[in-house]
Every structure is written in structure tokens, then in C-alpha cells.
Amino acid sequence: QVQLVESGGGLVQAGGSLRLSCLASGSVFSFEYMGWYRQAPGKQRELIAGLIPGFSTAYTDSVKGRCTISRDNAKNTMYLQMNSLKPEDTAVYYCCVHHNQTTYWGQGTQVTVSS
């Protein structure tokens, strides 16, 4: 069983930055896939950044060049650095990992970007 706890969300002005953290109960080194998703009010949850350890990262077009997904094996933590934030980035952000044929989700952290 893997537990994920996000933190780092909050209220920020447009153009600002936030770094979201996702602390995992297990070793992030062992996860087959790690990702960040977001869900805005009235919209479906969408993938914004994904990482396959040892292989590659990928980003949705709307955040490409503004966001960076990374992990710290020693801290069992995954990060999402977000820069140049826009009001349309306002959403609840979730981290997600896939491990041993099971997908796990965090509880979400709210990001609100004011104009």
C-alpha cells in the first residue's frame, strides 16, 4: 500500500511560482510511473506532467516550458515546480503513482492563481 500526501498549494498572483510536493510512504525509486494531474471546477481531471524513472518526462502543452516534474529518491518525494502561473492554472492538483499494477492518488492540494 502506498500513501501520497501533497503540499505546497496556495494562493499566488499571476506570474508567480509554486512548488508542489508529494511525499510517498514508499520509495519513489521503485515506482514504475509518477505523475501530476489537476482538476478545475466543472472540468475533468487532466494529466499535466508525467515521469517514467530512468526514461523520460512529458508535459501537456498548456504547461510545457513552465512546469518541471522531478523526484528526490532520498526524501521519497516528487515535485512539480510551476512558474509563470496563470489564472487558468487554478485547480486542485493531485499526484499519482503506479506501482505493482496499482494506481495510487494523493488527496489533492488547491492552487489558486489570481489575476
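Before moving on, here are some points about what is shown:
- Test: residue 10 is modelled with pLDDT under 95 and loosely packed, with under 14 Cβ neighbours inside 10 Å: no
- Candidates are the residues of the stretch 53-76 that are in a strand (DSSP E or B) and of a type in the set (Val, Ile, Thr); the one that is nearest to residue 33 (Cα to Cα) is 57.
- Leading residue by the ranking (surrounded by the fewest Cβ atoms within 10 Å (Cβ to Cβ)) among those in the stretch 75-112 that are among the aromatic types (Phe, Trp, Tyr) and over 10 Å from the mean Cα position of the chain (by Cα): 105
- Residue within the stretch 42-56 that is of a type in the set (Ser, Thr, Tyr) and surrounded by 14 or more Cβ atoms within 10 Å (Cβ to Cβ) present: no
- Extreme residue, surrounded by the most Cβ atoms within 10 Å (Cβ to Cβ), among residues of the stretch 22-41 that are part of a strand (DSSP E or B) and out of contact with any helix residue (DSSP H, G or I) (no Cβ under 9 Å at 6 or more places or on another chain): 36
- Odd one out for residue 72 among (1) surrounded by 14 or more Cβ atoms within 10 Å (Cβ to Cβ); (2) under 16 Å from residue 6 (Cβ atoms): (1)
- For residue 65, the conditions (1) out of contact with any Leu (no Cβ under 9 Å at 6 or more places or on another chain); (2) under 18 Å from residue 21 (Cβ atoms); (3) not hydrophobic (A, V, I, L, M, F, W, C) all hold with the exception of (2).
- Selection within the stretch 35-57 - at pLDDT below 95 and in contact with a Lys or Arg (Cβ under 9 Å, 6 or more places away or on another chain): 51, 53
Matching residues to (1) among the hydroxyl-bearing types (Ser, Thr, Tyr); (2) without any contact (Cβ under 8 Å) to a residue 40 or more places away in the chain:
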| site | (1), (2) |
| --- | --- |
| 61 | no, yes |
| 65 | no, yes |
| 68 | yes, yes |
| 75 | no, no |
| 78 | no, no |
| 87 | no, no |
| 92 | no, no |
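- The lone exception for residue 19 - which of (1) open to solvent by 50 Å² or more (accessible area, probe 1.4 Å); (2) within 14 Å of residue 92 (Cβ to Cβ); (3) at pLDDT 95 or above it fails: (2)
The values are calculated or read from the model by the stated rules, or taken from the named source; none is laboratory data. Note that the structure is predicted; figures quoted are calculated from it, not measured. As a convention, Cβ positions derive from the backbone with ideal geometry for all residues, glycine included, and neighbour counts pool all protein chains shown. Note: areas computed on protein heavy atoms with side chains; ligands, DNA, RNA excluded. Shrake-Rupley method; radii C 1.70, N 1.55, O 1.52, S 1.80 Å.
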